[in-house]
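Here's the structure, in structure tokens; my notes come after.
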Amino acid sequence: MSLQHTPLAIDSLSQAAQRALGPGQARAMAARGLVPLPPGDQAAVLYQLALDEDQALARSARMTAANLPDKLLAGTLGDARLDPRIVDFFAGIAGSRPVVFDAIALNAATADATIATLAELAGAREIDLIAQNEQRLLRHPEIIAAMYMNRNARMSTVDRVVELAVRNNVRVPGLAAWDEVARALGGGPEPVPVDVDALFVQATAALDGDDSALTKGDADQPVDPDAAIDVSDDDKRIDRLTIPGKIRLATLGNAFHRNVLIRDPVKLVSQAAIKSPGVTDIEAARYAGNANLSDDVIRYIAQRGSWTRLYAIKVSLCRNPKTPIAQVSNFLQHLRPRDLETIMRSKGVSSAVVAQAKKLQMQRRGGNK
């Protein structure tokens, strides 16, 4: 949760700052940075004016704040006595500047929520700096989540902070595959390639590639599970990743990556792939009909209500011999006669499913047998 920017209590400000915020031309001059003030007071005044109801005044204050010199900002924002709301305000408008970022990240009084926000978009160097404060990470694990989801974060750094959380029994929120991540690291460290960071960068090279063939279509129409795109060129690079690296790639990657990783023999990886927030309905429909995927993947799809409301996914799951029979029995009730007929003739489903399909078909026709 981001830090809320609320007005400062006037009586908490210095006399000089209160005069700058007084009525008349002083406010307009202060918004433009024309009132001589100590750096801390100037930051407080600009923050207060940026929240003013007068939109022109607020814009002027924001512009002045964004253009303050790095040296002045670094000295001011590194002061632990500065109100965390002011630090958060400047982090939003100047936090991408290295000197400013460092001052904010190294200030022990900076709000944890501010660090989490910075961690979402920071570069590798900045992420490494944030990772140094282990106490803060354990106190506010949302920072670890932000680092994990940031493509710029080094894999080695992510491994280290995630292992820190696992070792201290801290659950990181906001990661669908957290259980898989924790189990991957909880079983003891696996041999880590010396070039783990380079391997992850190589594996994510196609992250922004065109994956429309795997993600577009009509998820409410039957999908051919064998119509997946051949991504064999990526297989070797992905296979060289560690298990935590594969899990993170499954979470951050695109449809091509998921199409490889959902077939990984390690169940932690395939589970992370199906839990990825990027999985589309059309992908789920394709996976639902693939009998080569693990039982856990098919079971997860069958239990996900937002997917099973789609007709094509119901059909695919009924055709898949790995779908639990209890769920197949429920889905059969919703199938059209033509699809029931297909299942009745199918040699790929269990005899119990065929029998249920025949019984349902006869009941619909008014038969007694």
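The values are calculated or read from the model by the stated rules, or taken from the named source; none is laboratory data. In this text, all values refer to a predicted model and were calculated from it rather than measured experimentally. Neighbour counts run over all protein chains shown; Cβ positions are idealised from the backbone, glycine included. Ligands, DNA and RNA are excluded from the accessible area calculation, which covers all protein heavy atoms including side chains. Shrake-Rupley method; radii C 1.70, N 1.55, O 1.52, S 1.80 Å.
With one equal scatterer per alpha carbon and no solvent term, the Debye-computed log10 I(q)/I(0) for the range 36-116 at 0.12, 0.20, 0.21, 0.23 1/Å reads -0.29, -0.81, -0.89, -1.06. The candidates HIS140, HIS334, HIS5, HIS257, arranged from most to least accessible area with a 1.4 Å probe in the full protein assembly, appear as HIS334, HIS5, HIS140, HIS257. Accessible area ranking (1.4 Å probe, heavy atoms, ligands and nucleic acids excluded), largest first, for MET149, MET344: MET149, MET344.
In the chain, helices alone account for a calculated mean residue ellipticity at 222 nm of -17000 deg cm²/dmol, with every DSSP H run of four or more residues adding -39,500 (n - 2.57). Legend: calculated FRET efficiency, ALA109 to ASP179, from the Cβ-Cβ distance at R0 = 25 Å, rounded to 0.05, equals 0.15. With kT/(6 pi eta Rh) evaluated at 37 °C and eta = 0.692 mPa s, and Rh the Kirkwood radius from Cα pairs, the chain diffuses with a coefficient of 136 µm²/s according to Stokes-Einstein. Dividing the Cα radius of gyration of the range 319-369 by its Kirkwood radius returns 0.93 for Rg/Rh. Taking N as the residue count of the range 1-70, its C-alpha radius of gyration divided by 2.2 N^0.38 Å amounts to 1.03. Annotation: the range 269-342 has a Kirkwood hydrodynamic radius of 12.2 angstrom, from the mean reciprocal C-alpha pair distance. Distance between the pseudo-spin-label points of ARG304 and THR280 (7 Å out from Cα toward the beta carbon): 1.4 nm. Altogether, the Stokes-Einstein calculation at 25 °C and 0.890 mPa s, with the Kirkwood radius of the range 86-142 over Cα pairs as Rh, returns a diffusion coefficient of 222 µm²/s.
When the solvent-accessible area of the chain is split by element, carbon and sulfur atoms take up 52 percent of it, the probe being 1.4 Å. Spin-label model, SER156 to ASN67: label points 7 Å out along the Cα-to-beta-carbon direction sit 4.2 nm apart.
For the range 59-205, the convex hull spanned by the alpha carbon atoms encloses 125 Å³ per residue.
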